[in-house]
Amino acid sequence: MSRSVETGSVLSPVTADDVDLAVRLAVGILRDAPPEGWGGKAGSLEWDCWETAEHLANDLFYYAVQLGPQSPPLDTHVPFALSQKRPDGPAKFLFADRAAGPAGLVQVLEACGALLVAMVRTTPPQVRAHHGAGVSDPEGFAAMGVVETLVHMHDLAEGFGLAWTPPSALCSRVLARLFPEAPDGADPWLTLLWATGRAELPGHPRLTTWRWASTPRS
C-alpha cells in the first residue's frame, strides 16, 4: 500500500477499478467532443487531438502487454514495432482506422483501457515487468495508466474547450504511488498537473522535465 507523505496515513492502492474509472470518465467526455476539434492542437502538446487520444490508447495497450508474457522481460519492452505517421507525431504501436471517425477512435481507446484493466485485475501482485522509469508491478502499471489518462484528457479538454476535473481521491492515490516527493497541501489534481509539467503550484514553478517513480512501493 502507498503511504501519504503529507499525513503518514495509509492510502488505498491503485487498482484495476481506478483504471476503469479513469477510462470511463475520459470516454464519456470524448464521445461529446466537437467533431471539428479533432485536428486541433491538444493543449500544450505539439500533437493534435486525434494523435493525443491515439497516443493515450497506445499507452494503455503498452502497459497491458508488458504484463502479458508468462515471464515478462525486465530489461526492455515487449517488442511490438513502433512507427510514426508524420516526423513530429508520436511513435505508436497501433493506429485507429481513420475511416471509422472519432467514434471509432474512442472505441479503440476504450478497448485498450479494458485490456489494461483485465491485466491488472488478473496478474499476481508479485509479477514485475519492464518500464523505462524502473521495473514495475501491476499496481504501478495501473497507476501509470491512470496518470496518462488523466493528464492527456487535460490536454484534450484544453484542445476541445471542454471541462475536465477528475476525482481528487484518484489523483491522491496516483500521486502517492508515482510522485511521492510531490509537494503537500495543494489540490491533488493541480499537484498532479504540476508533477507532469502542466501547471504551476504556489512556490513551485512549472516543471520543464519530469519523471515518475514506477518501482514498487514497500
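The values are calculated or read from the model by the stated rules, or taken from the named source; none is laboratory data. Remember, it's a predicted structure, so these values are computed and weren't measured experimentally. Here the Cβ positions follow ideal geometry from the backbone for every residue, glycine too, while neighbour counts run over all protein chains shown. These area figures cover heavy atoms from the full protein model, side chains too; ligands, DNA and RNA do not enter into them. Shrake-Rupley method; radii C 1.70, N 1.55, O 1.52, S 1.80 Å.
Quick notes on this one:
- Listed by position, the helices (runs of 4 or more DSSP H) contained in segment 104-218 that have at least 2 residues being more than 14 Å from ASP59 (Cβ to Cβ) and in contact with a strand residue (DSSP E or B) (Cβ under 8 Å, 6 or more places away or on another chain) are 168-178, 188-195.
- Restricting attention to segment 157-171, the residues being open to solvent by less than 40 Å² (accessible area, probe 1.4 Å) and closer than 15 Å to ALA143 by Cα number 3.
- Of the candidates VAL108, VAL147, VAL120, the single residue that is open to solvent by 30 Å² or more (accessible area, probe 1.4 Å), in contact (Cβ under 8 Å) with a residue 24 or more places away in the chain and of a type in the set (A, V, I, L, M, F, W, C) is VAL108.
- Looking only at residues of segment 46-71 that are open to solvent by 30 Å² or more (accessible area, probe 1.4 Å) and part of a loop (DSSP other than H, G, I, E, B), we find that the one that is nearest to SER83 (Cα to Cα) is TRP47.
- LEU74 being open to solvent by 50 Å² or more (accessible area, probe 1.4 Å), out of contact with any Asp or Glu (no Cβ under 7 Å at 6 or more places or on another chain) and part of a loop (DSSP other than H, G, I, E, B): yes
- Annotation: PRO125 fulfils all but one of (1) of a type outside the set (Ser, Thr, Tyr); (2) surrounded by fewer than 24 Cβ atoms within 10 Å (Cβ to Cβ); (3) in contact (Cβ under 8 Å) with a residue 60 or more places away in the chain; the unmet one is (3).
- Top-ranked residue of segment 129-144 - restricted to ones that are open to solvent by 10 Å² or more (accessible area, probe 1.4 Å) and among the aliphatic types (A, V, I, L, M), ranked as farthest from the chain's Cα centre (by Cα): VAL135
- Hits in segment 10-40 - residues which are open to solvent by 40 Å² or more (accessible area, probe 1.4 Å), over 18 Å from LEU115 (Cα atoms), in a loop (DSSP other than H, G, I, E, B) and in contact (Cβ under 8 Å) with a residue 60 or more places away in the chain: SER12, PRO13, ARG31, ASP32
- Residue in segment 82-104 that is within 23 Å of LEU193 (Cβ to Cβ), of a type outside the set (S, T, N, Q) and either modelled with pLDDT of 95 or more or open to solvent by less than 40 Å² (accessible area, probe 1.4 Å) (or both) present: yes
- Residue within segment 184-192 that is in contact (Cβ under 8 Å) with a residue 12 or more places away in the chain, open to solvent by less than 40 Å² (accessible area, probe 1.4 Å), closer than 28 Å to ASP48 by Cβ and among the β-branched types (Val, Ile, Thr) present: yes
- Scanning segment 37-89 for residues being of a type in the set (Asp, Glu) and farther than 19 Å from VAL108 by Cα gives a total of 3.
- Flag for THR165 being among the hydroxyl-bearing types (Ser, Thr, Tyr) and free of Cβ contacts under 8 Å to residues at least 24 places away in the same chain: no
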